[in-house]
1. Restricting the search to the stretch 221-238, which residues are under 30 Å from residue 203 (Cα atoms) and within 16 Å of the ligand (Cβ to nearest atom)?
2. Tell me which of these residue 241 doesn't satisfy, since it passes every other one: (1) under 30 Å from residue 280 (Cα atoms); (2) in a helix (DSSP H, G or I); (3) without any contact (Cβ under 8 Å) to a residue 40 or more places away in the chain.
3. Would you point out the residue of the stretch 254-293, among those that are touching a residue at least 40 places away in the same chain (Cβ under 8 Å) and in a helix (DSSP H, G or I), that is surrounded by the most Cβ atoms within 10 Å (Cβ to Cβ)?
4. Out of the residues in the stretch 116-174 meeting the condition of being in contact with a helix residue (DSSP H, G or I) (Cβ under 7 Å, 6 or more places away or on another chain) and part of a loop (DSSP other than H, G, I, E, B), tell me which one is nearest to residue 240 (Cα to Cα).
5. Given the options 76, 42, name the one that is touching a helix residue (DSSP H, G or I) at 6+ places or on another chain (Cβ under 7 Å), within 26 Å of residue 277 (Cβ to Cβ) and more than 16 Å from the ligand (Cβ to nearest atom).
6. Within the stretch 239-280, work out how many residues are within 28 Å of residue 123 (Cβ to Cβ) and away from the ligand (no atom under 16 Å from the Cβ).
7. Is it the case that residue 218 is in the same structural domain as residue 46 (by TED's automatic domain parsing), in a strand (DSSP E or B) and more than 16 Å from the ligand (Cβ to nearest atom)?
8. Would you mention how many residues in the stretch 145-165 are within 21 Å of residue 2 (Cβ to Cβ) and buried (at least 19 other Cβ atoms within 10 Å of the Cβ)?
Ligand SMILES: [Zn+2]
């Protein structure tokens, strides 16, 4: 099995859906960020959420999902691109109890109260106004709050499901989800039918834990409603950082600040929050940068 999204539309053209399987990249990224247990689960949920958002972007667009809450996690930030690549990081809530404590999420979801923001942007158009939509975390459950975002900000009635299973070590064992949406022209009957099947799909966790092609999720949602697969896309984790970008960021600090870094520490260290790569500018490199900024 590989990480993919499967995108489909009903033959009537009025109901569209995407199902996602991203077990491998979610596990790898959580491991890289040294997240386990509920932190790993929350991070993988945010990654599935990012793919749900980016599955309907145009080529060259980036979706940035930023969740800030007061639950288990303080912040999760995910950049997802139309080409199926993703990167992200998570800031655990420092107030969370030590691992091993079982949380009661029956009243409020693990994300707690806070804000869910979505920023849609083209990285290749400098100065282009990004689209930003923000909604409150209503339930603390990411899938439900994403459905609310879609209705509130994009006026598209949607049902969202996200599931992450952990193994005995607290690592991601499987991660996936879906979004299904009513397009203009969808009949009440079609919407009611889809709603009923989404509600009856009580065991998404079980389906995701089988870890098979996500087309099976679509089959369960659409059932007797004929649908056409529009796209099957390979998903992967990919960061966009580079030494060149780090260098440009350092130049922006200015010659005086760079000089004091050189005098006090002797080297500059910049860690990418997304992929944890550590970029270092040694003494010689710093001197070169200072000379360049002074020359400008
Ligand atoms: Zn990076």
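1. 236, 237
2. Every condition holds for residue 241 apart from (2).
3. Here the answer is 289.
4. 171
5. 76 is the lone residue from the list that is touching a helix residue (DSSP H, G or I) at 6+ places or on another chain (Cβ under 7 Å), within 26 Å of residue 277 (Cβ to Cβ) and more than 16 Å from the ligand (Cβ to nearest atom).
6. Initially, the stretch 239-280 is screened for residues within 28 Å of residue 123 (Cβ to Cβ), giving 239-254, 257-258, 268-280.
Among the residues that remain, those that are also away from the ligand (no atom under 16 Å from the Cβ) are: 251-254, 257-258, 268.
Residues in the stretch 239-280 being within 28 Å of residue 123 (Cβ to Cβ) and away from the ligand (no atom under 16 Å from the Cβ): 7 in total.
7. Values: in the same structural domain as residue 46 (by TED's automatic domain parsing): yes; in a strand (DSSP E or B): no; more than 16 Å from the ligand (Cβ to nearest atom): yes.
So residue 218 does not fit the description; no.
8. Residues that pass the stated criteria total 4.
The values are calculated or read from the model by the stated rules, or taken from the named source; none is laboratory data. No experiment lies behind these values; they were computed from the predicted model shown. Because the Cβ atoms are built from the backbone with ideal geometry, glycine has one as well, and the counts that use them run over all protein chains shown.
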